[in-house]
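Heads up: the structure comes next, in structure tokens.
Values quoted throughout were computed directly from the atomic coordinates according to the rules given, and no laboratory measurement underlies them. Treat the numbers as computed from the prediction; the structure is a model and nothing was measured. Cβ atoms come from the backbone with ideal geometry, glycine included; neighbour counts cover every protein chain shown.
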């Protein structure tokens, strides 16, 4: 009986881990996507500054070298690499690692989310999160449906059912 409970707990942890990671990556992808869903784009700096992290928010100091002219393509690319590193951290996330964050350090991100740019509607951050929740739920529902169909096929063919989470 204890082995069965351990198996159920392990499968539940694996499933939950996958859903949390999918949600975090969906949120970050939606925020970095093109308007109107994602962050308004002028120079790309605000969009490149959505930085996923594990355990604590990613605080990155430093504005473009010439703020009046905006960031260079190299500066935007460098910040995008920081975001990519954060996505890799999210992919290896475990519950004991703590919460997952998607942080934006540009000082004007609040103004953009308040509707300052006509490219994206007011509340685009909240909309991106809501969409990520729907995307993640749809992913889970589709997986559940595939598993049910596979189990039904296995039952018709006389094969033993799969173990949950496999």
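A few notes on this one:
- Once both labels are positioned 7 Å from their Cα atoms along Cα-to-Cβ, the gap between residue 16 and residue 122 label points is 3.8 nm.
- Multiplying the residue separation of residue 82 and residue 94 by 0.36 nm and subtracting their alpha-carbon distance yields 2.3 nm.
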